[in-house]
């Protein structure tokens with residue numbers, strides 16, 4: 001059930017992702033960045049057609065270069081498409097900061113709505129991120145919602161460090 005524009009954007013993102021065969025494949029730097037950029041371009045184009053261009057890449061964080069992916073004023077909602085949110089080193093805290101900065105810039109923000117890959121919800125329930133989300137709601141009245149695209153969480157291969165001759169220990 002789709003209730004508002006952020007939820008409709010989530011539905012569009014899910015449809016787009018489901019039509020990309022290797023969407024959940026780890027492609028690595030370069031190829032992965034290009035694939036993400038293509039996904040974001042297509043999502044932005046469809047969002048602009050449906051909602052108008054005024055919701056996309058909004059500079060609502062003050063006089064700086066920070067932008068949010070989407071801002072829906074009637075819903076007082078920032079939407080960040082954070083595909084790497086399930087990774088330990090994501091931009092979660094930066095996106096939280098952008099929401100606070102927008103609010104300080106007299107922009108009404110009640111909700112920070114993340115769209116991410118599978119595994120993001122679990123990562124955001126971990127103690128550090130949960131503490132940030134609880135603090136954000138308690139101190140600023142901004143609720144964080146994490147919504148996942150369809151599919152299984154990505155599994156990254158662990159790098160194997162090649163063993164060199166000097167790494168080998170011999171016992172006489």
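Neighbouring Cβ atoms within 10 Å as the yardstick, rank 65, 86 fewest first. Could you put the intermediate results ahead of the total?
Working: 65 6, 86 20.
Least to most surrounded, the residues fall as 65, 86.
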Relative compactness, the range 5-167, computed as alpha-carbon Rg over 2.2 N^0.38 Å: 1.13
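Ordered by packing density, taken as the mean number of other Cβ atoms within 10 Å over each peptide's residues, highest first, how do 124-130, 99-105 rank? Walk me through the intermediate numbers first.
Values: 124-130: 13.3, 99-105: 18.1.
The most tightly packed comes first, giving 99-105, 124-130.
Starting with the fewest neighbours, write out 15, 49 ranked by other beta-carbon atoms found within 10 Å of each beta-carbon.
Working: 15 13, 49 10.
So the ranking, lowest neighbour count to highest, is 49, 15.
None of the figures in this text is laboratory data; all of them are computed from the coordinates on show. All values reported here derive from a predicted model rather than from experimental measurement. In this analysis, Cβ positions are derived from the backbone assuming ideal geometry, glycine residues included, and neighbour counts consider all displayed protein chains.
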